[in-house]
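A quick write-up on the structure given underneath.
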Amino acid sequence: MPNWRATYTGLTRIPSVASKFSNISLSHGYNGTLSMNSYNSALSFADPLVLSAPGFIDTISGNYVPFFLVPNITIQEQFMPVFGFDVTTVSQMNLKFEYRKSRQLSLSLIDYQLSEVKSTEWVFGGSFRKRGVRLPFKLPGMKGKKLENDINLRLDLAFRDDVQSNSRLDQENNYSTGGQKVITIQPSIDYILNNRFNVKLYFDQRRVIPYISTSAPTVNTRAGIQIRISLAPQGQ
């Protein structure tokens with residue numbers, strides 16, 4: 001299928017809406033790819049009737065001998081997103097939501113199995129920017145001066161549900177082989193000291209809850225402080 005992306009931002013043209021919101025964006029998109037990891041030329045291929053089609057049958061498998069031997073074909077489809085909106089108010093508050101769906105089909109032409117992974121994901125995000133925030137403490141080297149600069153508060157949440165199943169081409173049954181739930185929490189605080197100096201406090205946690213008992217739940221957590229200094233020369 002052809003890929004597409006649609007975005008609508010016309011709601012802010014309404015005067016009553018524009019007085020409260022600086023940006024309202026509605027989006028929808030689809031992306032699909034077809035790929036193969038490798039292929040080989042079949043040395044026993046022959047086309048005796050010159051029809052650009054295989055003319056001989058393999059006596060072992062009972063299949064026609066093709067021109068190319070392809071061990072695996074993968075199709076990946078993503079609605080990124082099925083529906084999404086991004087809203088920014090005139091007071092610099094931003095809210096974002098996306099509902100995503102995707103699936104990946106992997107066909108093995110060696111053992112004739114089809115593996116399918118279906119994913120459903122909800123993404124929530126929000127941020128708030130406040131100007132002229134005064135720190136309640138003094139920083140070393142500032143000579144007693146208390147800074148009043150911009151602060152940016154942000155919170156991102158995501159929940160993804162993956163379900164994996166396998167099926168054989170010569171059988172009608174379809175059995176589940178795995179899956180997992182993934183929960184991501186990412187709050188952060190950005191404080192802009194000046195046009196060269198930025199301080200960020202962040203927390204990032206990712207929880208993985210598998211569906212099968214042979215896999216253990218895992219939790220990865222990162223947190224810390226990030227200091228960014230720009231050394232680029234200022235324009236005259």
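Given R₀ = 22 Å, FRET efficiency for F68-M1 by Cβ-Cβ distance, to 0.05? All intermediate terms of the calculation are to be shown ahead of the outcome.
Details: r = 23 Å, r/R0 = 1.07.
Here the calculated transfer efficiency is 0.40.
For the stretch 150-236, state the semi-axes of the equivalent ellipsoid (square roots of 5 times the eigenvalues of the alpha-carbon gyration tensor), sorted largest first and rounded to whole angstrom.
Details: eigenvalues 403, 46, 21 Å².
So the equivalent ellipsoid measures 45, 15, 10 Å along its semi-axes.
Taking 41 Å as R0, compute the FRET efficiency from the Cβ-Cβ separation of M36 and T9 and round it to 0.05.
Working: r = 39 Å, r/R0 = 0.94.
About 0.60, to the nearest 0.05.
Between S22 and K96, full extension at 0.36 nm per residue minus the direct alpha carbon distance yields a gain of 25.2 nm. Taken along the Cα-to-beta-carbon direction at a fixed 7 Å, the label points for Q171 and I183 span 3.5 nm. Working from label points 7 Å from Cα in the Cα-to-Cβ sense, the L105 to D204 distance is 3.5 nm. Over every Cα atom in the stretch 169-217, the radius of gyration and the widest Cα-Cα span, Dmax, amount to 21.0, 66 Å. Evaluating 6.51 cos²θ - 1.76 cosθ + 1.60 at θ = phi - 60° for every residue in the stretch 182-199, the Karplus couplings come out as 10, 10, 10, 10, 9, x, 7, 10, 10, 10, 8, 6, 7, 6, 10, 10, 9, 10 Hz, glycine and proline recorded as x.
All of the numbers you see were taken from the coordinates with simple rules; none came from a lab. Please read these numbers as outputs of a predicted model, since none were measured by experiment. Methodologically, a virtual Cβ is constructed for each residue, glycine included, from the backbone with ideal geometry; neighbour enumeration extends over all protein chains shown.
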